[in-house]
Amino acid sequence: MTTPPDQSAETISHDQNFKELISTFFLEFLELFVPDLAKDIDPNSIRFLPQEYFADLVEGDEKIIDLLVEVRLAGQDKTFLFHLEAQSYSESQIGRRMFYYLARLHQNYVKDIYPIVIFSYDEPYRAEQDTFKIEFPDLKVLEFRFRAIQLNRLNWRDYINSSNPVAAALMSKMKITKHDRPRVKAECLRLLVTLKLDPAKTRLISKFVDTYLRLSAKEEETFQAEIDKIGATQKEAIMQVTTSWEAKGQRSLILRQLNRRVGSLPDGVQTQIEALSLNQLEILSEALLDFNSLNDLSNWLELNG
């Protein structure tokens, strides 16, 4: 896990967001960024290995490998490993650290390793290093390289016609001007609804996009105008996705408020609340201010649920 020493809950959540996205759409991630190798991977061979804990000799603390995946090329018996790190901040010694990881992983598994770092911070914009060298005037001892994917140097416009779910998510973290934020969010969702993924995967990507493209009230107006330009069928699908975000956020807030006002909620009551529509949730958010007990909530649900 590549978080700075003063790691915050927000940063940890950020790392988790990327690991969840890449592990869910691992082959699609490779198809987007390592297409020549991805096309030869046997999809049935993909196996996620347990997390590895290493003492970090660069920073002097313990590090956790983000993702370690065993794969095999089609028609071959030999497997190799992908090591992926989600890097949410700029680090001057990233090349050295990635080399240390490679050395330890190779020692542990005795397998070839393909290292990848996905740089996901907003700034700086300078190109990140992707090499670690040890050399002398008369001898090059080592030249280690890893695949560097630096999102803030990628143009989101290059991905709007992709049919890849990872592109639908990661456009939200690419190089975006402030003016383009509402349009990019609309394009992410347009691409998402064309993919026709199952509900769980759709929610994963829509949550990812909403996390990294939270819009101001003014930007929301522009976003709605962009949605209005899209065909009726896609527009309806996008509105269903955005309504789902709003309902989920509203429901989570209401459950926290109710737990504070009336105490722990029985499973049956919580199930009733989770079944409420967005409009019903908005009404409940005002009504709960007058609740003093669980009976008040139960009576409200009986009348309005």
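Remarks
- Region 231-305 - Rg and Dmax from Cα coordinates, angstrom: 14.0, 48
- In this simple spin-label approximation, T194 and R145 carry label points 7 Å from Cα along the Cα→Cβ vector, and these lie 3.3 nm apart.
- Calculated from backbone phi, Karplus (6.51, -1.76, 1.60) coupling profile of region 65-82 in Hz, x at Gly/Pro: 4, 5, 9, 10, 10, 8, 9, 9, 6, 4, x, 10, 8, 6, 9, 9, 10, 9
- Cα principal axis extents for region 9-153, largest first, Å: 44, 42, 29
- Within region 231-305: Cβ-based charge dipole about Cα centre, in debye rounded to nearest 20 (Lys, Arg +1; Asp, Glu -1): 260 debye
- Take every DSSP beta bridge whose two residues both sit in the chain; close to 60 percent of them are antiparallel.
- The charge dipole of the chain, taken about its Cα centre with unit charges on the Cβ atoms of Lys, Arg (+1), Asp and Glu (-1) only, comes to about 500 debye.
- Length added when fully stretched, L265-Q93, from 0.36 nm per residue minus Cα-Cα: 57.0 nm
- Spatial separation of Cα centroids for region 202-216 and region 90-168, in angstrom: 26 Å
- Here the chain was treated as a single set of alpha-carbon atoms; its pair distances binned every 20 Å from 0 give 27, 49, 21, 2, 0 percent.
- Of the residues T271, I283, T242, the one whose Cα sits farthest towards the positive end of the charge dipole of region 231-305 is T242 (charges of +1 on Lys and Arg Cβ, -1 on Asp and Glu Cβ, taken about the Cα centre).
- Remark on region 175-230: hydrodynamic radius 11.7 angstrom, per the Kirkwood mean of 1/r across alpha carbon pairs.
- Structure note, pairs K39/K185; K111/K207; K39/K196; K39/K63; K19/K229; K19/K140: Cα-Cα distances above 25 angstrom occur for K39/K185; K111/K207; K39/K63; K19/K229; K19/K140.
Just so you know, all these numbers are worked out from the coordinates, no wet-lab data involved. Keep in mind that this is a model prediction, so the values were computed, not measured. Glycine gets a Cβ as well: all are built from the backbone with ideal geometry, and neighbour counts include every protein chain shown.
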